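See below for the structure under consideration.
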Ligand code: PBG
């Protein structure tokens, strides 16, 4: 059908028509709020490159989790900032580690919210890499056991779901086996399946003190130039037992989200990362864009591309916008 028989504007002429033909909807159900837990009491350290985001001690963390729950956000993703770091990242799997303590406090006070924990070593290792380092090489297989221990220890502390973000090969299988061996077969794994080696993680590394001390993450995170490889990564994680797969970052990788949606039938998450958040906040501060509108458009675009859920630092703001 061509003009003048077809007029696309007919169904755009009023808000009710537009609502009736809208293909994508965003709701608080789609949002997962990432949070940073730090030791101490009454701490709320602003993260300069992520306005509105904080490193929170457990008491303050609980307040924020309560707000998220009240706004209908179903889940949070928890990152820990430990007091000490060492070559093996032992605080990642310590019984009394920051994430373990935070998870159990949150599940105690706000049992209705799903707590997902980020499983990685980079915040906990003194070299800042996501695995064990030997002679300057990030050792894949030796790292798997530590990741599995971390996942089991988070789950024992009360985590509802674990999310490995390290990009070692075989980690989903190692974590699935360790959880099952410990009677934790009902704990799902959200795997950071297609995680790119991205400069958009810059503000996060400042927030979580997790920048590598030497080199970069190119030997384990994906090359931004690749797309077929994302399918292989996601397929591998599905076969190893992932329950939800993730693409990260989101906005510069909408094509990957869309492709994985077509090829894989598991629920898919997309991570709207720190740099994506920082860019919008910065441009808003300069008065160059309408921050709230760009936020909603961005989140809608990620859903339109095919994501079922979005990890985003905008979760609280977007949920408020959706409520009002
Ligand atoms: C840890 C991890 C990172 C992010 C999530 N988990 C940083 C990295 O891989 O360097 C980035 C999140 C963000 O930028 O918002 N492996």
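Summed over the range 24-49, the residues that are more than 16 Å from the ligand (Cβ to nearest atom), in a loop (DSSP other than H, G, I, E, B) and touching a helix residue (DSSP H, G or I) at 6+ places or on another chain (Cβ under 7 Å) give a count of 7.
For the range 1-20, filtering for residues that are touching a helix residue (DSSP H, G or I) at 6+ places or on another chain (Cβ under 6 Å) and under 23 Å from residue 310 (Cα atoms) leaves 0. In the range 216-241, the residues that are at positive phi reach residues that are not in a helix (DSSP H, G or I) with C-beta atoms within less than 7 angstrom, at least six apart or across chains, in these pairs: 241/189. The residues of the range 172-203 that are closer than 18 Å to residue 217 by Cβ and in contact (Cβ under 8 Å) with a residue 40 or more places away in the chain, listed by number, are 191, 192, 193, 194, 195, 196, 198, 199, 200, 201, 202, 203. Mind checking which residues of the range 104-115 are surrounded by fewer than 24 Cβ atoms within 10 Å (Cβ to Cβ), touching a strand residue (DSSP E or B) at 6+ places or on another chain (Cβ under 7 Å) and either within 13 Å of residue 155 (Cα to Cα) or modelled with pLDDT under 95 (or both)? Residues satisfying the conditions are 107, 114. Here 133, 65, 99, 103 are screened, and the one residue that is part of a helix (DSSP H, G or I) and within 16 Å of the ligand (Cβ to nearest atom) is 99. When residue 134 is tested against (1) more than 17 Å from residue 81 (Cβ to Cβ); (2) crowded, with 23+ Cβ neighbours inside 10 Å, exactly one condition is not met: (2).
Within the range 113-129, one or more residues are part of a loop (DSSP other than H, G, I, E, B) and under 19 Å from residue 310 (Cα atoms). With the requirement that a residue be over 12 Å from residue 150 (Cβ atoms) and touching a strand residue (DSSP E or B) at 6+ places or on another chain (Cβ under 7 Å), what does the range 87-97 give you? The one that is over 12 Å from residue 150 (Cβ atoms) and touching a strand residue (DSSP E or B) at 6+ places or on another chain (Cβ under 7 Å): 87. Evaluation of residue 287 against the conditions (1) within 16 Å of the ligand (Cβ to nearest atom); (2) not in a helix (DSSP H, G or I) shows that the sole unmet condition is (1).
Looking at residue 147, is it at pLDDT 95 or above, within 13 Å of the ligand (Cβ to nearest atom) and not in a loop (DSSP other than H, G, I, E, B)? Here the answer is yes, as residue 147 does meet what is asked.
Does residue 94 fit the bill of being assigned to a helix (DSSP H, G or I), touching a helix residue (DSSP H, G or I) at 6+ places or on another chain (Cβ under 8 Å) and either at negative phi or away from the ligand (no atom under 15 Å from the Cβ) (or both)? The answer is no for residue 94. Screening the range 150-173 for residues that are surrounded by fewer than 19 Cβ atoms within 10 Å (Cβ to Cβ) and assigned to a helix (DSSP H, G or I) and picking the one that is farthest from the ligand (Cβ to nearest atom) gives 156.
The values are calculated or read from the model by the stated rules, or taken from the named source; none is laboratory data. Being a predicted model, the structure only gives us computed values, none of them experimental. Please note: Cβ atoms are built from the backbone with ideal geometry, for glycine as well, and neighbour counts cover all protein chains shown.
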